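Worksheet for the structure shown next.
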Amino acid sequence: MKAEEVRVAYAKNQLWPRVDLKASLGYTGLNDGWTRAYDDYGSRDQPNYSVGVVVNIPIGNRAGRYRVIEANNRKRQALFNLKRAEVTLLSAFDSARRDISSAL
């Protein structure tokens, strides 16, 4: 049950917009000619870098909503399975108690 509750919470969190920080650092050889570009790359004294923020906002997000519904259904199914096991154990315990009392 706890695992299914975690899955439901995760599915609900996936409905929120996503914000990612992206950064890159590299060396490229950009110059007028091939030889000078190769020399620039070899010297590695002019790094290229970039930093940015990427925001993904789900519009409509039917798939996300259906994942939440699916997670809730799995949670409900896990609860039913738990209750079924509980009833089976209580029935077995009651049968064993009756067998013991009739044997006495």
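Any read-out appearing in this document is the output of simple, stated calculations on the displayed coordinates, not a laboratory observation. Everything numeric here is computed off the predicted structure, so don't read it as measured data. Because the Cβ atoms are built from the backbone with ideal geometry, glycine has one as well, and the counts that use them run over all protein chains shown.
Near P58: Cβ cut-off under 12 Å, other residues only, Lys/Arg at +1 and Asp/Glu at -1. The net charge is +4. Under the simplified labelling scheme, the R65-D99 pair shows an inter-label distance of 5.3 nm, with each label point 7 Å from Cα along Cα→Cβ. Taking K and R as +1 and D and E as -1, what net charge do the other residues with C-beta under 14 Å from the C-beta of R74 add up to? For residues surrounding R74, the net value is +3.
The lysines whose alpha-carbon is closer than 24 Å to the alpha-carbon of K83, local same-chain residues fewer than 8 away aside, are K2, K75. Descending by average beta-carbon neighbour count within 10 Å, the peptides 71-84, 10-23, 48-61 line up as 71-84, 10-23, 48-61, the highest first.
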